[in-house]
Structures are given as structure tokens and as C-alpha cells.
4 protein chains.
Amino acid sequence: MRTRLWIAGIVVVAVAGLAAVGAAPEMKKWQKGKGWGWVWGAQDELGSLNEMTDDSRAAALRLAKQGKVYDLGVLYDRNSYKWPGHSPGEIIAFRTPEGVKRQGDLPALLQDNPSRTAWHSCALFINDNVATQIDGLGHATEGDDDHWYNGFKEKDWGGNWGPRKCDASTIPPVIARGVLIDVAGAQGVDALPPHTAISPGDLEAALQKQGTKLQPGDVVLIRTGTLRHWGETGADHATIGRHDSAGITLEAARWLVAEQGAMLIGSDTSGLEYNPAPEAGKAYREKYGSFMPVHNYLLIEQGVHIGEFHNLEELAREKAYEFCYVACTNKIKGTAAGFTLRPIAIR
Amino acid sequence: MRTRLWIAGIVVVAVAGLAAVGAAPEMKKWQKGKGWGWVWGAQDELGSLNEMTDDSRAAALRLAKQGKVYDLGVLYDRNSYKWPGHSPGEIIAFRTPEGVKRQGDLPALLQDNPSRTAWHSCALFINDNVATQIDGLGHATEGDDDHWYNGFKEKDWGGNWGPRKCDASTIPPVIARGVLIDVAGAQGVDALPPHTAISPGDLEAALQKQGTKLQPGDVVLIRTGTLRHWGETGADHATIGRHDSAGITLEAARWLVAEQGAMLIGSDTSGLEYNPAPEAGKAYREKYGSFMPVHNYLLIEQGVHIGEFHNLEELAREKAYEFCYVACTNKIKGTAAGFTLRPIAIR
Amino acid sequence: MRTRLWIAGIVVVAVAGLAAVGAAPEMKKWQKGKGWGWVWGAQDELGSLNEMTDDSRAAALRLAKQGKVYDLGVLYDRNSYKWPGHSPGEIIAFRTPEGVKRQGDLPALLQDNPSRTAWHSCALFINDNVATQIDGLGHATEGDDDHWYNGFKEKDWGGNWGPRKCDASTIPPVIARGVLIDVAGAQGVDALPPHTAISPGDLEAALQKQGTKLQPGDVVLIRTGTLRHWGETGADHATIGRHDSAGITLEAARWLVAEQGAMLIGSDTSGLEYNPAPEAGKAYREKYGSFMPVHNYLLIEQGVHIGEFHNLEELAREKAYEFCYVACTNKIKGTAAGFTLRPIAIR
Amino acid sequence: MRTRLWIAGIVVVAVAGLAAVGAAPEMKKWQKGKGWGWVWGAQDELGSLNEMTDDSRAAALRLAKQGKVYDLGVLYDRNSYKWPGHSPGEIIAFRTPEGVKRQGDLPALLQDNPSRTAWHSCALFINDNVATQIDGLGHATEGDDDHWYNGFKEKDWGGNWGPRKCDASTIPPVIARGVLIDVAGAQGVDALPPHTAISPGDLEAALQKQGTKLQPGDVVLIRTGTLRHWGETGADHATIGRHDSAGITLEAARWLVAEQGAMLIGSDTSGLEYNPAPEAGKAYREKYGSFMPVHNYLLIEQGVHIGEFHNLEELAREKAYEFCYVACTNKIKGTAAGFTLRPIAIR
């Protein structure tokens, strides 16, 4: 027998309606025109995620009225596309039922075992920047002192087992209003062409077309369409690699953070930001001072985490532009990014 | 300015009240006295998690009225306690700012780099059964044919890169009503003594004391208190190891699934189930036919996933016995368990 | 002051002369026209290497009259060419002086350390079939029972940590007369064209041109010229890959073993044997019953180890066709091949 | 038919006799009372091994008159004893015949495969300082500039993938006269007691008892007896660890290098040098300025490589005090030590 009462539906609609009309979380430190920066104290490792409160999370959760879940993670295996500068990955059967029984190296378990019980486990060699990720604030560094967010320096906080400040395990569970900006959809393409630079105007146009408004504290996810080519496990490197170079410009990142208060910015590419064609690379790096100026700005200067390879295809198909975003990184000390994640959007 | 209207609070309370009074999700296949079993079709890899629906998730999310989050994951590093039969773990700095610059092996990035930008990334060698986990339904096997849940056999679905059916990447996002059964709390101890067997009666007594009622479809988390000894990264192997042997008996697992409809069962130990003292091992294995009869019953026979090393300390301290449980496993093909997870309880 | 007496020179020349005129080691089990096979007893893991004796080694060592050493190993790093079916490789700084000091995780060493002493060590993720190798007799299998040399079967001797019979650690130090057959040199090319099939006649022609005679018990090394393209670390995969497909036919392998008594056969390619062009692959496999019939014949049927990626360039340049071959595999239990070796030729 | 002529035996005896009476290689740079030091030029990475010449190798090879080989390597697996500061090791079946066939992920090989051919290969996660080793000259560092042999500094020659000067791949094949100093034997014990400090006098007494004389250019191997406890794979950590603390003092290292001209010094322990008991550690480090002063002296100051975990048991049993030593390190760029080696002694 269904026990849900008719009043529940009415109430949920009412709550959702309230959220939509203006429940933007009040910001603690964000300033319009400036964003955040190193404003959270000398020991801070969280950056803009400090804005989250019980109230802000509760407001985001009220967007999850239907209980419908969108899985934003992509499936990873040894063949999956990744930035070639990262280490490769293997998932290897470490114990198998046959191996366990043939070796007999654990006699205390396998004697007196009438059910013939055994197990599978795997050993992995894997990089912390693969598949669906959230970059920790220690991922990018700059300066001759190799400092990262909040001025943590390599000579003080480096180590052999990953950065000792702002590693990915410091990222708290992220629960916030999520907004999809479907740039590919707005531009009427399956996936943006290689080396597409997404400007503030492109973002505004897409938001306008969608009828979506940003609020300070949002998780903003920008769709290029690259992940329509992920397939099962991202094996088509050539196609993914082509579209993967589309992304936001430094100006777009600034507009999102300083003008709109985006608390976390993600996309469906491996690096979020615009990657110029090889022949334009030198001029670009000279102009912006870095081969990845959006990373420098977001991670180092603003303390804004970056979401990568978030699968936005289903959200786009359903025009689900506003949702509750939930992401929980793996808790591995020293990792530079949360990886092979399964963030979810809930409506 | 706070924009939240006074009516929101009232509405939320009303919704929560409804959930509490009886919004147990209707079960699709569960039968009292029997549980589930291989009832979901020959190709099924989800088991009891098939019971989740938009409605069940929405009901669970309505428990998250305050937006307060409890992080149930434990922090993992090379020194963390784990079952010794698993492979060891290392998190190693793969790229560091100094190394990147000294090697100069990526000239296309590092020339024309006035900001002196660089990065950190790590390579990991890690086991898929460490830290906070959810066992996939392919983890445990039995029989001379080494089959697992739903009759998938090693000769058909084994492989070098992990089981090819019921690997952990098949576990959908879990969003359900969560219930803490604080057995250690009910028995007035910090942590249960070594080799404590938790019986159905122990569970009932604790529930009674808490004033909590189980519902079919619940995620049931059983606290032994072992993780009070985790410290920062689980380095005190001796102490953790002692308490880690406390757990539920096969009878308790049966009561939870067949009588109460528990959809996922977890605890704050590495293996959930009672582990007898060495001198009692042989008799135990002969009686139950396996060195891990609860795993056989839950994973293989019932298709019920197992949660391990879930940190329940904060929930217990706050007597937070009912909550919305959210867990999203890493999406790595072939893994036998989701690992180093950060499930959350939300109230 | 040089202390070597004039008589030494005379004596050494005399010894070398004796070796050259006929000191072929007497064979224990080899039969002309048949070779070896499973003739060494049911527990044997050495195959034809059982032919080595103190006398045969002493005779080989007498070829090393000048003390000149040729390093036959190629340098391996993460970028080195390898067969793509093997796992990738990374050599990662595990401890560095800066990391050790910054982390301070070993206070017992680093306190009271006025010299500021520290260290480097590396962690490696590596495959056992890379760079200069000697295949163990358990590397190749055939039949529905997946047996290898001497009838060892997977169901009996497989395991999760490598084959438990005939792993590479069972290969004894190899000290034997070595003979270079410079096929590329004899054919007047830098490196043999892709998919060159080296026949018995090609080997005989090269030996004739060199004026070299084979003896039973020889280590025979066949030069295709592929490794002229190794460069520092084998980074030019395209060029190496092209030439790497040249190799001996099954007929050539048979001639070497059954007619000439070659005890170990190697070359300067990743797999020794002829690899047909893709369009010829199906017909080839149907004719020979295997995608690697030379491996089946040598490793499984004859118990003759295979040497791979032996760098023969310097030997060829100096027309050093006869020498003392010394190779000692790493002693790692379970490995299917000795890898990243540095065999030497001594004259 | 035996073809070896009677004259060969006579000649070999004559050669060996000559070697014994005084064929010590002439040294290029060694000075009695001083040893070597940074005398080989600013780019040198070989240190004292520069002393090897064709003549010195030929003289050493003449000691190998019988062709009898002693395997000095110990067998390594996941359970083998190692210094706990190094990363752990796993040898894992990467491909197995059953896995290859079940997965069917390489259809081009496995179709048209009537012989049902397949293969084994392994993936390894391993440290470069395990089992039988030769430390590269970049292994130990000192000073605030973290320099190693010849003044190579971390800021110039460090990197993420191991030191870029004096890595183990730069170690040439070592062929030299080897001398065993059986200290345990001379003292009449199976293995030296824990924390035994071997002094110059202990070495002299053992040499005297053996009737052995050192020559400049020797590889000197010092036996503590620790490896009598290695067993198959070094699994008895407690026993090995106890005896492993015996070793030479700084004074003994100086006597060997500066007075005797030892070109490479090794032993049957994991670190060659005396390791004081914990309670004596602070005073020791203060006196000698380092927790491993013998490493500082040999590797950094003198450019003398160190051999570790060389199995000297068989040599000791046979009182084989003089022999031809041959060691060839794996050729892996960046490794700090050659590891899992199989050096040999030949008589």
C-alpha cells in the first residue's frame, strides 16, 4: 500500500517554489567585483567552499524535490582518455577465486571451507587526475616560490606523498545549487569545435536562452558537449581530444566568480579552460602569463575549486538547468584532485 | 539580507513529520521472511538497490531538513589499517613544481611561462578494498564454480582486470533513509570488546533504547565503536585490529534482511561481520560453512551490498539515529569495491 | 708498475685457440634432428639450460680473453617502446632529499643530523616484459588446459602473483658461447624491412659470410638492426615498431634448435619471431596454429629460453661474432620474464 | 666425445697461478692514504668504477678457471625483508591464459588460434632498493644543497622520476677480482650478533685467518651471516632484522678504500654499515654527523658503490675467498639503486 499522502506533493512544490524565488544563500566573504581571494585566514584550505552552511545546503537540497538522480561521473578504465602528462592507469585483479585457491597462501581461511568461498579484489595503479575530478586548491602553483592557494609554498608544504596543504581530502562534501550552462546547446551544436573560447558573452547568451539566473554560491557547470564522445570508457582519444580543447577564457572565469559568485566551476572537459591551437600557444601564454591562466585564477588566486569531466549529457537532454549538486571526493591524503568521482545532480 | 521566508521552516517540519510517520518506500520485490535473492532477472547486477525509486529517494531527502552533513568517510594514507590480505597503498608525488621545472620535459608548457606556473599530481598504488568502502556484489564468491551474486561464474565473467559483472562501478548512487544502530552506545562501552558477536537481540535492544524503527529499504549502519580509534589516518593497527573483530552474526544479517528489509548494511569495521577468536575459527567455519558467512549471505545470496569502515562517531555523539544516507562510489571499471569513499549522512 | 708477465699473453692466446678449434661442450640430452623437449624430468623448470656445466662455462669464459665488454641491454624509461599488450611503466621518485626533510616523517633519522644527510629512492610500476628480456619458460601457454613447458598447467601452477613454475627467477646465470648472426649486415641494410621473415637459408648465408660456425649449446643472437633506432630510451615508437616485425620463422627456429643445438636464442626485437603484416595475419595463424608459433616451439615444446631486445649494434660494428655471453636475470618470484636486463658479451 | 685437450687444464692452472702471484690492476687515480674522491672530472658519474679496464677485467676473468658459479642474489617477493622506509612490493599477474581468453580483449590474436595459445605476464609495483642491490652514487645526499657524489645538486639534477645524474643505469657492468671477508666465520659464529660494529682490526683478522690479501681494485664482500636467515624469500623479518644491524664502521670503510683500494664494497646486509642500538643512536649520529656515515663516505665522498644483500653463504661454506665478481644492474633510468640483482662469483 502506498503510504505517501496527497499533502506531501503540495508541500514539496511549495518548497521548491520558495527556493526558486530567491533563496540565494547569503555570502560570508564574497564581494561583487572582486570575488574571494585569500580571505579565509592563514590556515584555510577550503577557499570559497567556506561559504557553505547548513542553510545553504538545506536550500540546495530543497531543489531535489522529485528524487531524480543524474550521474555526472564518467566510467574509467585503462583505456580512458586523460591528459597525457598524467601517469597511466591499470586496474588489476589482485586476488581471484581461482588464484586464492590455487596458491593456498592463506590456509587459515581456506581450510574448513565447505562452501568453497573466496573473493575478488583489485590492485590499482592510478593517477589522481583522471576521469571525473575536482581539483584540490594545491593542484596549481605559480611563482619562483611555487606557492599555491593562500600562499602555501613548496619548500614548506611540499613532500614526497603529495602536497600537505589543500590536498583533495580537505574538500568537504559539496552540496549546493547547481546550474548547467549548456553552451553547446545554445549554439546548436553537438559539441563545440576544437579550441572554442567561451567568453562571458557566450555564457550570458546561453543563460538567457535557458531562462536561468545564477546566484552567488552556485556550482556552475558548463557544457561543451565533449562527453557525448566518451562512449563507455573514453576510448576514442582522438575525438575526445579534439573537443576537449574548448573551454572558458580567463575573462569568463572572472565574470563567473567576481560578478556572479560561482563557488565551484566545472565542465565536461579535462581542464575546464580554453586551450588554444598549437600555433597560437606562444602568444596566448605571453598574453596571460601562464599556460593555464584559468587554473591560476580560480585555484590559486580565488580559492575556487574546479570540476572536470562532469558528464552533463543527460542534464542537457532534459533541459535540467537547475538542481542540487552533490559531490564527495575520495579521502586519500596527499592527492592533488578528487578523481574517478561520481558527483550527482538531483532534481 | 536573509531571504528565507518563515513559511519554509513550517513546511519542512511538516514534510519531515510525514516521512517519520510512515513514508516507508513500497518494496518491489522484497518479501518478509525471505528478503530478496536472485529475483531481479538474469542480467541484474544491482540486487536490492533496485528497490530505489525517485519516490524513495525523495522521501529520504526529506529527512535532510537542516542541511547538516556528517562525513562518514575515514582518511586513508599509506599507514592506514586494512585487512592484511589486500595490497598495500602508496600515494606518491608524480609531478611537483620543482620536478616539472627541473626536468623541463614539457617544454611546450614551460617556455613562455612568466608566472612560473606548474602543478602537483600524484600516482597511486592502491587496493580497491581500503578505507571507507561499499563491497560490490562480485566481491565474494562461493562454490567450485566460483560464482557470485546472480550466478555469475568466474569462467564466464572473470578476467585479468577485475570481475566483469557486478564490479563496483555498477553500484548506483545510493540515496536512502539511513538508520544508525549504536550497539556500542546501547551497551555503554566506547567500543565493543574483541570478537563480540552482535545478535538480532542486540540490534533490537539498541533500536529499542534509541526509539528507532527500521523500515524496508533502509541503509542500516551498525556501530561497534572501532573507529573511535582511527585517529587521523588509522595508524594504530593494534587497537583498531582488536575492535575490528566485532560484528554481526549470520543470524543478525538474516534478521536485518529477511525480517526488516535492510537494503544495504554497513558498520564501522573493515568487514561488518563477527570474526571469531583464532581458537574458535575452525568450529565457526565448520558450522557456517565459510570464513565469512555474512558476506556469503548478503552479497551472494541476497544481493545486498555491504558498507565498511563507515565512521559513525559523530552520528552517535549527536544521537542522530535517522538521516538521509548518500553514497556515490568511484567509477572505475573492474573494481571489486568502492573504496576511500566519503558517504554522508544528512539531517 | 705493470705486473703482468709476458707469459700470460702467450697462454691466453693458446687457450683461446683451443676453444676455437673445437671445445664445443658435450651435450647431455640434445639430439640432432630433434632438439630437446620435455626430457629433463617432471619437475624440471630449466629446459635446455640444463646443458650448462662447469666445463661449458669455463670454455665460454676462455673466449673472454681481452676483457672487452659489450653491454647488450637497452635503457628503459616511461617512454620506451614495448609491446602494447603489456602494462605501462613509471619510475617515480619515492623519497627525495627535499621531501624527506620537509615531511620530517622519520624523526629518528633526521634529528641530530648535522651533515643534513638524506637520500633518493624510487617506486616503480613496471611490466616484467620490457626492455632487454629473457622469457621464462612459463611465459607462453597453449591448449585448453593452458599448459606451458613440461606440462605445467594453469589449474595447478597458476596464481595471482605470477606462474608458480618456470618463473624467470628459476633461470640460472647464463654463461655460454655466444654467436651473433648479423642478418641485417649480411643483407647490406641498416635494419631489415618491416615483416621480414628470416629463414634457415638467411641464417646460413649470414653465418657463411661471417665465417662463423654454430656449436651445440650456443646462445645465438640474431640481428635485424631494429635497435639502431632505440636512441637513448626507445622513444621513437613508430620507427622501432616498423622494424620490430622482422624475425625468424618457425622453420628457422627449428633449424637452430634441432639441427644446430642452440641453447638460447635471442634477437634485437621485442619478440624474436617474424610478425606478418596485418593482412597476412589470419592465413599465418591458420597455417601455424598460433599467433606466435616460434614462442610455442621454443618455450613450450623445446624448453629453450628466448632473449629479446638484445642490443647487438656494437657487436655488429666490430664484427664480434663469437664471444662469451653472460646474463643474470633479476630474482623476483613470479615474473614471467627477466626484464630491463643488461646481458653482456665479453671478448 | 669430450674434445677438450689435456693441455687446456695445464694452461688454465698456469694462468690462475699468475693472477694469484701479483696481477693487481694498476690504478689510474687511487692514492694510498686518500682513496679517490671527486677526481674523475666534473661530469663523471662512475666514481671508482672508472678504474676498470680491459686488462683488469681480463685478469679477473682468469680467476674463473673452473667455470663454477655462485649466485649471490636473494629471491624477492612481496614478503621479503627490506628497510621499512622503502615502498612495498607486489608482483601481480597482469595477463593469464584464462584471463586473456575470458576477456577476449585482443581479438586479433585470439581468433584463428587453434593451438589455444595465450600467455602470462606480470605487473610489478616495486622499490628500487630491495633484495640484492648496488647503490647508485646518487642514492645518498648531504648538505643544505642536497648534493651527492661529484657535487651534483638536487636543484640542478633532481626530478620527479629519480635523480638525473648517477642513477643506477650509469653503473657499468662490474667485472673485477672479488674477495670475501668472512667475519662471521672468523669469529666462529653463524651470524654476528645484533649491532656488531666491524672494525678495521676485525677485517684484518679475518683476512689473516683466511690467508687472503686485498689488492687495489677489488670488490670486497663482507660476511655477517645475516643471509643464513633469508630462507626462500626473506620472510622472517624479525630474525633478519636483528642480524642486519651488524656492519662495518666508518673507520673500516676508510681502511678498505684509502688503505686497500677497495673499488666496490658489499655485504650480506641491507645497508652494509653498522647500525647502533636505538639507545646509542643519538650519540652515534652526533659523533659521525650522519645516521649513515659509511654511505656518506663511500657514495658521496669517495664515489665507491655499495653492494647490499649479497648472499655469501655458499662462498663461505666452500671457503671461496677469491673469485671473479660479475654484476650487471638493470637498465632503468632514474633508479637510485640496481635492485633484485643476481651478481655472481665465478671460480
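The values are calculated or read from the model by the stated rules, or taken from the named source; none is laboratory data. None of these values were measured; they are calculated from a predicted model. Here the Cβ positions follow ideal geometry from the backbone for every residue, glycine too, while neighbour counts run over all protein chains shown. For the accessible areas, the whole protein counts, side chains as well, though only heavy atoms, and no ligand, DNA or RNA atoms are used. Shrake-Rupley method; radii C 1.70, N 1.55, O 1.52, S 1.80 Å.
The single residue among D:Q210, D:Q187 that is within 21 Å of D:E251 (Cα to Cα) and more than 21 Å from the chain's Cα centre (by Cα) turns out to be D:Q187. Among the criteria (1) in contact (Cβ under 8 Å) with a residue 24 or more places away in the chain; (2) closer than 21 Å to D:R164 by Cβ; (3) not aromatic (F, W, Y), the one B:G104 does not fulfil is (1).
Just to be sure before I move on: is C:G33 without any contact (Cβ under 8 Å) to a residue 40 or more places away in the chain, surrounded by fewer than 18 Cβ atoms within 10 Å (Cβ to Cβ) and of a type outside the set (K, R) in the structure I sent? No; evaluated as a whole, the condition is false for this residue. Within segment D:329-340, the set of residues being more than 7 Å from chain C (Cβ to nearest Cβ) and not in a strand (DSSP E or B) comprises just one member, D:F339.
Can you list residue pairs whose Cβ atoms sit under 8 Å apart, with the first residue in segment D:200-216 being touching a residue at least 60 places away in the same chain (Cβ under 8 Å) and the second being assigned to a helix (DSSP H, G or I) and among the small types (G, A, S)? Count only pairs 6 or more apart in sequence or on different chains. From residues that are touching a residue at least 60 places away in the same chain (Cβ under 8 Å), the pairs are D:Q210/D:A186.
Restricting to segment A:109-129, name every residue that is more than 7 Å from chain B (Cβ to nearest Cβ) and in a helix (DSSP H, G or I). A:L110 - this is the single residue of segment A:109-129 that is more than 7 Å from chain B (Cβ to nearest Cβ) and in a helix (DSSP H, G or I). Among the residues of segment D:281-313, what is the count of those that are away from chain C (no Cβ under 12 Å) and either charged (D, E, K, R) or part of a helix (DSSP H, G or I) (or both)? Total meeting the criteria: 4. For the residues C:L214, C:L203, the requirement of being open to solvent by less than 10 Å² (accessible area, probe 1.4 Å) and not charged (D, E, K, R) singles out C:L203.
Of the residues making up segment D:70-99, those that are more than 7 Å from every other protein chain (Cβ to nearest Cβ), open to solvent by 20 Å² or more (accessible area, probe 1.4 Å) and either in contact (Cβ under 8 Å) with a residue 60 or more places away in the chain or in contact with a helix residue (DSSP H, G or I) (Cβ under 6 Å, 6 or more places away or on another chain) (or both) are D:N79, D:Y81, D:K82, D:W83. One residue stands out in segment C:130-145 among those that are within 7 Å of another protein chain (Cβ to nearest Cβ) and open to solvent by 10 Å² or more (accessible area, probe 1.4 Å): the one that is farthest from the chain's Cα centre (by Cα), namely C:D144. Return a yes/no flag: does segment A:163-183 have any residue that is over 15 Å from the mean Cα position of the chain (by Cα) and small (G, A, S). No; the residues of segment A:163-183 include none that is over 15 Å from the mean Cα position of the chain (by Cα) and small (G, A, S). Can you pull out the residues in segment C:42-69 that are assigned to a helix (DSSP H, G or I) and either more than 7 Å from chain D (Cβ to nearest Cβ) or open to solvent by less than 20 Å² (accessible area, probe 1.4 Å) (or both)? Once the filter is applied, which keeps residues that are assigned to a helix (DSSP H, G or I) and either more than 7 Å from chain D (Cβ to nearest Cβ) or open to solvent by less than 20 Å² (accessible area, probe 1.4 Å) (or both), segment C:42-69 yields C:G47, C:S48, C:L49, C:N50, C:E51, C:S56, C:A58, C:A59, C:A60, C:L61. Report yes if C:E154 is of a type in the set (D, E), within 12 Å of chain A (Cβ to nearest Cβ) and open to solvent by less than 10 Å² (accessible area, probe 1.4 Å), otherwise no. Here the answer is yes, as C:E154 does meet what is asked. Of the numbered criteria (1) facing chain D (nearest Cβ under 10 Å); (2) assigned to a helix (DSSP H, G or I); (3) over 30 Å from C:H147 (Cβ atoms), the one C:R102 fails is (1). Residues in segment B:158-191 that are free of Cβ contacts under 8 Å to residues at least 12 places away in the same chain and under 24 Å from C:K155 (Cβ atoms): B:N160 only.
Taking the criterion of being within 19 Å of the chain's Cα centre (by Cα) and open to solvent by less than 30 Å² (accessible area, probe 1.4 Å), the residues of segment A:224-240 that qualify are A:T224, A:G225, A:T226, A:L227, A:W230, A:T233, A:G234, A:I240.
When the residues of segment A:241-270 are filtered to those that are crowded, with 24+ Cβ neighbours inside 10 Å and β-branched (V, I, T), the one that is farthest from A:I171 (Cα to Cα) is A:I248.
Condition check ((1) in contact (Cβ under 8 Å) with a residue 40 or more places away in the chain; (2) of a type in the set (A, V, I, L, M); (3) surrounded by fewer than 24 Cβ atoms within 10 Å (Cβ to Cβ); (4) under 16 Å from C:G247 (Cα atoms)) across all residues:
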{"site": "C:K287", "(1), (2), (3), (4)": "no, no, yes, no"}
{"site": "C:V326", "(1), (2), (3), (4)": "yes, yes, no, no"}
{"site": "C:I332", "(1), (2), (3), (4)": "yes, yes, no, no"}
{"site": "C:F339", "(1), (2), (3), (4)": "yes, no, no, no"}
